Amino acid sequence: MKKLLSFKWLLTLLLVAITGYFYSKDGVITSSVVSTALIFGLPLALAAMVGIMCERTGIVNIGIEGTLLFSAFVGFFTASATDSDFYGVVAAVIAGTASGVLLAFMSISWKMDQIIAGTIINILATGLTSFLYKQGHTAPTTSQIDIPWLSQIPFFGQVLFMHGPIVYIGLVLIFVLYIALFHTAWGLRSRAVGEHPGSADTAGVSVFKLRYLNVSIAGAVGGLAGAYLSLELVGSWDRGFTAGKGFTALALMIFGRWNPMGALAAAMFFGLTQAITNQLMFSQIVKIPDQFVNMLPYILTIVVLAISAGKVRPPAAEGQQYEKEQA
Amino acid sequence: MNKRITGGVAALALAALGFAMTPASAAVKTIDESACGTAGAFCVGLVTDVGKVDDKSFNQSSWEGAKAAAAKAGGFSKYIETLDPKDYASNIDLFAAKKYNVIVTVGFLMADATAAAAVKYPNIKFIGVDQFNGSTAANYSGLIFNEDKSGFIVGYLAGYLTRSGKTAAIAGGPDTIPPVRKFIEGFANGVAYAGKEQKKKLAKTSTVYYSGANAFNDPAWGATTAKQYLSQGYDVIFAAGGKTGNGGLAAIAKKKGAYCIGVDTDQWGTVPEAQPCLVSSAMKNLAAGTASLVAQAKDGSFKGGNFVGTVAAAPYHALASKVPAAVQKKVADVTAKVVAGTIPTGVKQ
Amino acid sequence: MAGKKFSRTWLTPVVAVLVAFAIGALLIYIQGADPLKAYQSLFSHAFGSWSGIAKTLGKATPLVLSGLAVTIGLRAGLFNIGVQGQLVTGAFAAAWAGYFIHGLPIYIHLPLALIFGITFGAGVGLIAGALKAYRGIHEVITTIMLNSIILALVDYLAGHVFQEPGQILARTPHILPSATIPKIFSLPSGFFFAILLAYGVWWVFQRTTSGFRLETVGRNKSAAWYAGISVKRAVLIAMAVGGGIAGLGGGIESLGVIGRFEPTFNTGLGFDGITIALLGRANPLGVIPGAILIGGMRGAAASMQFDAGVAPEIVDLILALVLFCVTAPFLAKWLKSTEVGAKITSGWGN
């Protein structure tokens, strides 16, 4: 544990130092790269929250990809039909919640194998959205909000305070989730249900209700991530639109050790490597084939994990059905 | 209790399915398919590359061309959407078994399968979109395009439009996909040509390729990469490559004052969300090329070898006011010269 | 007694498939097409003729193997999402050996090329296994990352280093006749090999101590540890064997179907493997019907569109419905099957 901590801080310090160095060399590019890291990383971080919320209460969610795809779809076409980005975002969140409820229903009420339940959501979302898609629609998108005063700060202004509303909501949400999970009664109960549902039950916590609630909230967070992709970042929707982000998010959730802050850091690290990868190709400083440059984020993730290592442990009751003991 | 929930969920799901699910009928009727193979009937079949006929790109344009040409000839047309590249040959076989007169195969990956089918079915005419035809079969014609010329022309336009002198090209797809590479390199050379002509110091066009599992299918990557370019002052960006490129176009549209350039078809219609920035597209006239080959098959002037389709910069549409008349004239001049070959694009074929 | 047991195992899946197809028919009807015509086309093209059967089995072959690769992982408590990468690596390595190595007779060249596929597939699996065993990095992370790394790598290799001379596309030269998998009565012989392998894996889990060890690790790591079973070894073996089987699947694709390596020709097989393993309830023999079902539907999707104008996405929707009906408890309850709520996976392992 100590080793891990020191490595974590060392890496952070190193990144700050490198960023500072490059900022002194070229402020425009450095600010651009770091803010791009956030844009790359945020949807992944939010999607990882979906996994964390579910798994902390003992439900495995491999259906994040499906939730993102479906909610991005519903969000885009609702925004298009109502001509309102706000309704679009709301619809996406509702669609995400619905997929959460479906997962909860299959895995809690019907006690289906949880990985199968998630896989069903993925295939269903892919097939359904692809079937229903019609091209030629446009939708209003959320517009960038520069936070007054704060956005004027050099470097930090561009990196943190010149984004669309979902970025701000998403970032705040991740902090809120972290605090809620580790510093509130709800969080304590949720984690207890994820570790020792039997004891939690004995202590008067309704395992059934809490799991339902958390998996549904997780779906809503996934809906927000979907809305970010289709209504804020890209401004369109297409078949297979999410391109595996739900699965990358699973990896980042584990990378971040089922902790919202950890997953945020993992997603930002992954986003940063993507942004740096792009910059390497933009500036054509190094003459290596693009295919190898494109591999960098994935290789670096493995390397960092291999160095930092240490055993990760998922919540103990994850993937298990809970049967209330009959006295 | 559980039963009621189940029923409710099922009903909701079905309602959701029924909503918006509209007939995806693959057939356009002028004559009936059952007539195919009889004297006087004219049937055109199209096999897509992996993807759908509404891909906003080469599958869609080729199908539009084939459909229109078949309708004009009073014929019948139908398509099959390929799921797996290993099915190219068997999908062609489905049309051949029904004695279709013309089979259009879309995409360079299908070149081998099409050449083999042309030998197997000597009475059927084959049109291979984006396929260089190296065979001598008289019933197989490759429809090819000089993507480098198309890229060069819009690059030239970009060289005149850029204020910051920084232009960029985002390729959805790796450099191992020939049309992608030729578009991108042509664009960069076009920008350089415009720079030299203006005696203006333009930065070498920055290019980025994307390889891996989702090379063509990651709009979010395209959008984020476009934003990264925009925040570094690049103001004219060419986004080429499937859904990845389309994502880039959509993101650039949200930046005031930036221009984006589409690819393959006039994306003004296919990617309407890009209209605020879409000044032009590097067009291959896929629909026109396919249509004229289908028409040749009908009137008997069809011959083998390769048919070079036309390329052009797509119309400026609403952004015409942003392009000075003098520049529009220059682009028209250069287009003629590039197409004629008097200005070489300098791109390795 | 035997009859009762038979019906318990087989009745639920069969009824599930029927129910899924019934709902699918409704979807096709809503879409404005004729479901009867569509299904008639589907079955006659997938199973109604010798060439149809050959196509179905050909499609099922890599799916049996990728399903098997996922199954072995699940049995050992590992979730191998990297089957796609392992399969593609095997496809590339086998194709390379198939064209690059000259002058060998078929009975040496062909097995050698397949061994190349198996070895390299196993190698990729082993990377994930070793990172898990020695550095504690979760296999879900490494296999997802490795998928992306490998797809970029093979694109470079086939597009630059080992590209067919004079070719502009990213692909290797064609394999030699001495490395081509022959057909048995025009049926793809790889399929029979895959079936044998499925039986072999089943036998290992059913009858041998190595299988028992893997399974014990999958059920309960600490129990395995107390029983003196090396967890590390089990993880390494499960990932390597799974990767090797996936690599074999890729090799059979290159040597028996495609005839070369082309990066875009192996898409989706690994991910279908996950669905198939789940459909087969992580039973090595259970992957066979699942693979044939999916192979048949994917193979006949084009003719279904040709004959009845049904968009090919219907296949995915029916697949989701089948998986749902097989797993959802109401059907099993109704049929009085014993497998209500059966658990196959164990989350992310422990």
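The values are calculated or read from the model by the stated rules, or taken from the named source; none is laboratory data. No experiment lies behind these values; they were computed from the predicted model shown. Glycine also receives a Cβ, built like all others from the backbone with ideal geometry; neighbour counts cover every protein chain displayed.
Some values worked out for this structure:
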{"read-out": "Any chance C:Ala277 is touching a residue at least 24 places away in the same chain (Cβ under 8 Å) and not charged (D, E, K, R)", "value": "yes"}
{"read-out": "Selection from the stretch C:158-171 of residues that are part of a helix (DSSP H, G or I) and surrounded by fewer than 18 Cβ atoms within 10 Å (Cβ to Cβ)", "value": "C:His160, C:Val161"}
{"read-out": "All positions within the stretch C:168-183 that are within 10 Å of chain B (Cβ to nearest Cβ) and either of a type outside the set (Lys, Arg) or under 18 Å from C:His102 (Cα atoms) (or both)", "value": "C:Ile168, C:Leu169, C:Ala170, C:His174"}
{"read-out": "Selection count, the stretch C:258-291, where residues are assigned to a helix (DSSP H, G or I), more than 14 Å from chain B (Cβ to nearest Cβ) and crowded, with 22+ Cβ neighbours inside 10 Å", "value": "11"}
{"read-out": "Residues satisfying the stated conditions in the stretch B:254-312, i.e. among the basic types (Lys, Arg) and either under 22 Å from B:Thr244 (Cα atoms) or within 14 Å of another protein chain (Cβ to nearest Cβ) (or both)", "value": "B:Lys254, B:Lys255, B:Lys256, B:Lys284"}
{"read-out": "Sole exception among (1) at pLDDT below 95; (2) surrounded by fewer than 24 Cβ atoms within 10 Å (Cβ to Cβ); (3) more than 15 Å from the chain's Cα centre (by Cα) for C:Gly58, by number", "value": "(3)"}
{"read-out": "Any pair with Cβ under 8 angstrom, 6 or more apart, that starts in the stretch C:230-253 at a residue that is over 25 Å from C:Gly98 (Cβ atoms) and ends at one that is aromatic (Phe, Trp, Tyr)", "value": "C:Val231/C:Trp225; C:Lys232/C:Tyr134"}
{"read-out": "Residue within the stretch C:118-133 that is more than 14 Å from chain B (Cβ to nearest Cβ), at pLDDT 95 or above and over 30 Å from A:Phe270 (Cβ atoms) present", "value": "yes"}
{"read-out": "Breaking point among (1) surrounded by fewer than 21 Cβ atoms within 10 Å (Cβ to Cβ); (2) free of Cβ contacts under 8 Å to residues at least 60 places away in the same chain, for B:Gly305", "value": "(2)"}
{"read-out": "Options C:Tyr199, C:Tyr226; residue that is in contact (Cβ under 8 Å) with a residue 12 or more places away in the chain, away from chain B (no Cβ under 14 Å) and hydroxyl-bearing (Ser, Thr, Tyr)", "value": "C:Tyr199"}
{"read-out": "Qualifying positions in the stretch B:121-135 - surrounded by fewer than 22 Cβ atoms within 10 Å (Cβ to Cβ) and away from chain C (no Cβ under 14 Å)", "value": "B:Tyr121, B:Pro122, B:Asn123, B:Ile124, B:Ser135"}
{"read-out": "Filter pass, B:Val154 being in contact (Cβ under 8 Å) with a residue 40 or more places away in the chain, assigned by TED's automatic domain parsing to the domain that holds B:Phe238 and in contact with a strand residue (DSSP E or B) (Cβ under 8 Å, 6 or more places away or on another chain)", "value": "yes"}
{"read-out": "Failed item in (1) surrounded by fewer than 24 Cβ atoms within 10 Å (Cβ to Cβ); (2) of a type outside the set (Lys, Arg); (3) over 19 Å from the mean Cα position of the chain (by Cα), with A:Val93 passing the rest", "value": "(3)"}
{"read-out": "Selected residue [more than 24 Å from B:Trp221 (Cβ to Cβ) and not assigned by TED's automatic domain parsing to the domain that holds B:Val236] from B:Gln198, B:Gln131", "value": "B:Gln131"}
{"read-out": "Lone unmet requirement of (1) in contact with a helix residue (DSSP H, G or I) (Cβ under 7 Å, 6 or more places away or on another chain); (2) small (Gly, Ala, Ser); (3) surrounded by fewer than 24 Cβ atoms within 10 Å (Cβ to Cβ) for C:Ala95", "value": "(3)"}
{"read-out": "Qualifying residues in the stretch B:159-189 (those that are under 24 Å from B:Gly257 (Cα atoms) and β-branched (Val, Ile, Thr)) - the one nearest to the other protein chains (Cβ to nearest Cβ)", "value": "B:Ile170"}
{"read-out": "Residues satisfying the stated conditions in the stretch A:39-81, i.e. part of a helix (DSSP H, G or I) and under 23 Å from A:Arg189 (Cβ atoms)", "value": "A:Ala48, A:Met49, A:Val50, A:Gly51, A:Ile52, A:Met53, A:Cys54, A:Glu55, A:Arg56"}
{"read-out": "Matching option when the condition is at pLDDT below 95, surrounded by fewer than 23 Cβ atoms within 10 Å (Cβ to Cβ) and closer than 25 Å to A:Leu231 by Cα, among B:Ala312, B:Ala240, B:Ala213", "value": "B:Ala213"}
{"read-out": "B:Thr225 being part of a helix (DSSP H, G or I) and under 17 Å from A:Gln284 (Cα atoms)", "value": "yes"}
{"read-out": "In the stretch B:69-116, the residues that are surrounded by fewer than 24 Cβ atoms within 10 Å (Cβ to Cβ), at the interface with chain C (Cβ under 7 Å from one of its Cβ atoms) and touching a residue at least 12 places away in the same chain (Cβ under 8 Å)", "value": "B:Leu83, B:Asp84, B:Pro85, B:Leu94, B:Phe108, B:Leu109"}
{"read-out": "Residue in the stretch A:82-96 that is assigned to a loop (DSSP other than H, G, I, E, B) and more than 30 Å from C:Ala311 (Cα to Cα) present", "value": "yes"}
{"read-out": "Residues located in the stretch C:305-350, provided they are modelled with pLDDT of 75 or more and part of a loop (DSSP other than H, G, I, E, B)", "value": "C:Gly309, C:Val310, C:Ala311, C:Pro312, C:Glu313, C:Ala328"}
{"read-out": "Residue match in the stretch A:109-128 (condition: within 26 Å of B:Lys254 (Cβ to Cβ), within 14 Å of chain C (Cβ to nearest Cβ) and part of a loop (DSSP other than H, G, I, E, B))", "value": "no"}
{"read-out": "Tally, over the stretch A:290-327, of residues that are in a helix (DSSP H, G or I), at pLDDT below 80 and under 18 Å from C:Gly129 (Cβ atoms)", "value": "0"}
{"read-out": "Pair list, Cβ < 9 Å and 6+ apart or interchain, from the stretch A:21-50 residues that are facing chain B (nearest Cβ under 7 Å) and more than 16 Å from A:Ile169 (Cα to Cα) to residues that are assigned to a helix (DSSP H, G or I) and among the basic types (Lys, Arg)", "value": "A:Ser32/B:Lys227; A:Ser35/B:Lys227; A:Thr36/B:Lys227"}
{"read-out": "Candidate set: the stretch A:187-215, residues that are without any contact (Cβ under 8 Å) to a residue 40 or more places away in the chain and closer than 22 Å to A:Ser99 by Cβ; chosen: the one farthest from the chain's Cα centre (by Cα)", "value": "A:Lys209"}
{"read-out": "Residue count for the stretch A:216-244, restricted to those that are within 15 Å of the chain's Cα centre (by Cα), surrounded by fewer than 24 Cβ atoms within 10 Å (Cβ to Cβ) and within 25 Å of B:Pro272 (Cβ to Cβ)", "value": "0"}
{"read-out": "Condition check for C:His160: within 13 Å of another protein chain (Cβ to nearest Cβ) and touching a residue at least 24 places away in the same chain (Cβ under 8 Å)", "value": "no"}
